[in-house]
1. What list of ³J(HN,Hα) couplings, whole Hz, do you get for the stretch 96-107 from phi and the Karplus terms 6.51, -1.76, 1.60, once you set θ to phi - 60° and write x for glycine and proline?
2. If you plug each phi of the stretch 34-40 into the Karplus form 6.51 cos²θ - 1.76 cosθ + 1.60 with θ = phi - 60°, what whole-Hz ³J(HN,Hα) values come out, in order, with x for Gly and Pro?
3. Using modelled amide H (1.01 Å from N, peptide plane; none on Pro or chain starts), what sits under 5 Å from the amide H of Glu110, excluding residues fewer than 5 places away?
4. Among the trypsin sites (Lys or Arg not before Pro) within the stretch 241-275, which fall in a DSSP loop and have no more than 13 other Cβ atoms within 10 Å of their own Cβ?
5. Taking only C-alpha pairs under 8 Å that are 6+ residues apart, what is the relative contact order of the chain in percent?
6. Once you have a ≥ b ≥ c as the square roots of the Cα gyration tensor eigenvalues for the chain, tell me rounded if a/c is under 1.5, and otherwise prolate or oblate according to whether a/b is larger than b/c.
7. With every protein chain in place, what's the accessible area of Lys22 (1.4 Å probe, Å², nearest 10)?
8. Counting only helical runs of four or more DSSP H residues, what would the 222 nm mean residue ellipticity of the chain come to if each run contributes -39,500 (n - 2.57) and the total is spread over all its residues?
Amino acid sequence: MRDYDRRLAEEAALWGADAEAKAREVPPDWRYHRHLRHNAIYHTRDIDAFLDHVRPGMDALELGCGSGWLTLALAQRGARATGLDISEQALAVGRRYYETIRAEVPGSVEYRAADLNTLELPLEAYDVIAVKGTLHHLLRADRVIAQAHRALRPGGLLWVSDSRGEESLATALLAGALMLVLPTHISYRDKFAGLLRFGARAPSRIKASIEAEGLSPFEGAGREHDWLRLIEERFVVERRTAAPAVTGYLTHQVKLPDRLALPLLRALCAADTRLVRWGLLHSTGMVVYARKV
């Protein structure tokens, strides 16, 4: 088996197992996922704003859908929705759940396995294409964006929520300082021991952690592509919004009950957003709305 095929199989297995584990905690349905801590703090407003663009009867596509909760949300808005993902195991999680609620969904859902790096999409087949947290995993983000342009009808919407580029030193230092003082899944003893052990290398360790280095075989494979520039070359960008720089990372690290964590993280998110807006912090996260003309 070629190295690429081996990595692709490992990627599919990883996200398939992840989808099954998450489905044991919460169904793959935005009505439930919206209340998860990281979404409540970080994503819900952006995703709801995107879904407001979806109308009954639209043809919608999600690239890199995982267990398909966003694809399903498109159908719950009345769209004929298709979700593509490398993991047949993750797609099976979505299919099983969809069958249990199919009668109450005004639109329709189809889940299909596909390697997005070699994707061939039909000409002008969709009104909306969504890509969430996927482009930075792709070796051929340029090709995927070209295919998305081909597949959208004139006036169609491409919505992307993802990270681009590398985390800055300032972001790593702030995230590291907050990790040190806040209660997290790592004990204070281990945190201070790690600080003594790594010394000046500690910020690079935090940077690698924020970028989820090594999480999956293709994690960060697309960071060398400036996907925003690639989108700007083919689409008219209507809106782009920078995400907070450190809050998304910390939502997964803070070890507190929600009644304490949510107010803390919301306050942190508000301050983080202002620092990014004022140019004092650099955020790699971005939400983009782009139109095909």
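1. 4, 5, 4, 4, 6, 10, 3, 5, 9, 9, x, x
2. For the stretch 34-40, the Karplus curve yields 4, 8, 5, 3, 5, 6, 4 Hz.
3. Residues meeting the criterion, in which the H sits 1.01 Å from N, are Ala81, Thr82, Gly83.
4. Working: sites: Lys255, Arg259, Arg266, Arg274; in loops: Lys255.
Sparse-neighbourhood loop trypsin sites (Lys or Arg not before Pro): Lys255.
5. Numbers: 526 pairs, mean separation 57.4, N = 293.
Value for the chain: 20 percent.
6. Numbers: a/c = 1.57, a/b = 1.49, b/c = 1.05.
Verdict is prolate for the chain.
7. Counting only protein heavy atoms, the figure is 100 Å².
8. Details: 12 runs with 134 residues, N = 293.
After summing the helix terms and dividing by the residues of the chain, the value is -14000 deg cm²/dmol.
The values are calculated or read from the model by the stated rules, or taken from the named source; none is laboratory data. Quick caveat, the model's predicted, so the values are computed rather than measured. Glycine also receives a Cβ, built like all others from the backbone with ideal geometry; neighbour counts cover every protein chain displayed. SASA here: full protein model, heavy atoms, side chains in, ligands and nucleic acids out. Shrake-Rupley method; radii C 1.70, N 1.55, O 1.52, S 1.80 Å.
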